[in-house]
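The values are calculated or read from the model by the stated rules, or taken from the named source; none is laboratory data. Quantities reported herein were computed from a predicted structural model and do not represent experimental measurements. Quick reminder, even Gly has a Cβ in these numbers, built from the backbone with ideal geometry, and neighbours come from all protein chains shown. Side chains included, ligands, DNA and RNA excluded: accessible areas come from the protein's heavy atoms. Shrake-Rupley method; radii C 1.70, N 1.55, O 1.52, S 1.80 Å.
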Amino acid sequence: MCEYLPASAGVLLAGIAAANAAPATKTAPAAAPAPATAAAPCRASGSYDAWLVAFEREALAQGISQRTIAAAAPSLTYDQRIVYIDRGQRVFTQTFLEFSGRMAAAYRIQRGLALIQANAATFARIEQQFGVPAPVIVSFWGLESDFGANMGNYRSLSAIASLAYDCRRSDRFRAQLLDALRLIERGDLTPDEMIGSWAGELGQTQMMPSEYNQYGVDYDGDGKRDLLRSVPDVLASTANYLSGLGWKHGEPWLTEVRVPEKMPWDQADLSISLPRSKWSAYGVTFADGRPLPADNLPASLLLPMGRLGPAFLAYQNFEVYLQWNNSLVYSTTAAYLATRIGGAPALRHGTPPPALPFKDVPSKTSRTCRHSWRVPALTSARSTAS
């Protein structure tokens with residue numbers, strides 16, 4: 001989980017653009033924390049065994065059965081490696097073009113198209129029910145787990161329990177651990193099936209237990225919400241989550257555009273939303289030179305590599321991408337991949353200058369996530385933080 005700051009994650013208008021890429025991390029409504037009087041203390045207050053006893057009492061008070069707690073108990077082991085990973089996350093630098101070039105690769109586009117065709121009836125039903133088109137769902141499916149091929153190999157209960165015991169983010173992960181037990185209680189998963197990322201994300205689109213509980217859908221009708229093996233459950237649950245984050249049916253999310261050399265560059269910021277008719281008046285066109293519709297659909301100008309790189313109009317649905325993962329580089333890549341799967345041509349790279357080495361990049365603001373992402377705060381941009 002990431003700590004989500006306002007998504008006015010500006011854009012780079014000066015000549016240099018840099019951004020840090022990391023494995024996908026979504027933001028979602030957190031599970032309701034337990035009452036403070038019932039909460040198990042973190043490691044500063046005693047041993048892990050004592051913490052676990054207090055946590056099990058808390059789980060019982062939350063309505064989780066003794067049978068479920070007993071079933072989970074062998075997996076509720078402490079793993080110091082998880083805490084080391086959480087506390088020692090490395091930051092590494094990639095630009096949007098570098099990251100999207102690797103992650104929005106041709107094979108993902110081709111595989112995504114093939115999966116849409118193979119599951120056409122399911123996708124049609126999902127779009128009618130949840131309002132989310134197939135390319136959007138498939139792009140997350142591909143980026144999060146390579147369409148189910150790589151869901152992680154950590155024991156989720158142990159990982160979440162270790163992070164709940166550690167004092168850095170104990171409340172958050174204690175709530176996630178309670179929701180993980182609720183998944184067992186409901187019969188969705190067994191403890192041994194709960195294998196995923198080191199921070200506890202599960203399934204083919206990597207949902208935290210709170211997301212799984214809130215948005216998981218039994219779409220194949222077998223009585224279980226199986227986001228590890230059931231493709232219909234995975235796709236519908238992902239659509240339900242995106243819908244819950246505010247996806248607007250029938251509206252675009254990202255469109256590549258061409259920007260004239262002379263325009264008010266201070267308007268290029270995700271916090272500034274203007275009608276497409278206004279962008280058209282500024283001389284912004286579709287990437288192939290066709291004029292934009294002279295309508296009132298609001299959009300922001302996104303320049304992930306600065307004014308000399310690729311340019312996009314980001315619509316209100318792009319905010320959903322930033323809630324899924326508040327990294328600007330990841331979100332732009334996911335949205336771009338969805339447009340490619342939907343039939344858009346490859347983007348125009350432009351001629352952006354090289355990115356600064358990370359050690360030379362000034363950081364004015366930052367977001368705190370499982371993995372840190374930073375972009376430079378330049379005087380010609382507003383706030384650039386991912």
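Anything in the stretch 204-236 that is surrounded by 24 or more Cβ atoms within 10 Å (Cβ to Cβ), within 19 Å of residue 341 (Cβ to Cβ) and either of a type outside the set (Val, Ile, Thr) or out of contact with any Ser or Thr (no Cβ under 7 Å at 6 or more places or on another chain) (or both)? List them, or say none.
Listed by number, the residues that qualify are 204, 206, 235, 236.
Sort through 261, 256, 251, 319 and tell me the only one that's acidic (Asp, Glu) and at pLDDT below 95.
261
For residue 17, state whether it is farther than 21 Å from residue 304 by Cα, touching a helix residue (DSSP H, G or I) at 6+ places or on another chain (Cβ under 9 Å) and modelled with pLDDT under 95.
Values: farther than 21 Å from residue 304 by Cα: no; touching a helix residue (DSSP H, G or I) at 6+ places or on another chain (Cβ under 9 Å): yes; modelled with pLDDT under 95: yes.
So residue 17 does not fit the description; no.
Out of everything in the stretch 124-183 that is surrounded by fewer than 19 Cβ atoms within 10 Å (Cβ to Cβ) and of a type in the set (A, V, I, L, M), what residue ends up being farthest from residue 255 (Cα to Cα)?
149
Just need a number here: residues in the stretch 132-161 that are within 18 Å of residue 334 (Cβ to Cβ) and assigned to a loop (DSSP other than H, G, I, E, B). Before the answer, list the steps.
So in the stretch 132-161, the residues within 18 Å of residue 334 (Cβ to Cβ) come out as 132-151.
Filter again for assigned to a loop (DSSP other than H, G, I, E, B), leaving 132-133, 146-151.
Residues flagged as within 18 Å of residue 334 (Cβ to Cβ) and assigned to a loop (DSSP other than H, G, I, E, B) within the stretch 132-161 amount to 8.
Please state which one of 261, 256, 251 is within 30 Å of residue 289 (Cα to Cα) and free of Cβ contacts under 8 Å to residues at least 12 places away in the same chain.
Details: 256 fails: free of Cβ contacts under 8 Å to residues at least 12 places away in the same chain; 251 fails: free of Cβ contacts under 8 Å to residues at least 12 places away in the same chain.
Being within 30 Å of residue 289 (Cα to Cα) and free of Cβ contacts under 8 Å to residues at least 12 places away in the same chain holds for just one of 261, 256, 251, which is 261.
Just to be sure I understand the filter: pairs with C-beta atoms under 6 Å, separated by 6 or more residues or on different chains, first member in the stretch 320-348 and within 16 Å of residue 310 (Cβ to Cβ) and open to solvent by 10 Å² or more (accessible area, probe 1.4 Å), second member part of a helix (DSSP H, G or I) and among the polar types (S, T, N, Q). Which pairs pass?
336/100
Could you grab me the full set of residues in the stretch 191-213 that are of a type outside the set (Gly, Ala, Ser) and within 11 Å of residue 156 (Cα to Cα)? Quick ask: steps written out before the conclusion?
Kept after step one, since they are of a type outside the set (Gly, Ala, Ser), are these residues of the stretch 191-213: 191-195, 198, 201-202, 204-209, 211-213.
Listed by number, the residues that qualify are 191, 192, 193, 194, 195, 198, 201, 202, 208, 209.
Quick one: would you say residue 46 is open to solvent by less than 60 Å² (accessible area, probe 1.4 Å), without any contact (Cβ under 8 Å) to a residue 12 or more places away in the chain and touching a helix residue (DSSP H, G or I) at 6+ places or on another chain (Cβ under 9 Å)? Break it down stepwise before answering.
Working: open to solvent by less than 60 Å² (accessible area, probe 1.4 Å): yes; without any contact (Cβ under 8 Å) to a residue 12 or more places away in the chain: yes; touching a helix residue (DSSP H, G or I) at 6+ places or on another chain (Cβ under 9 Å): yes.
Taking the combined requirement at face value, the residue satisfies it.
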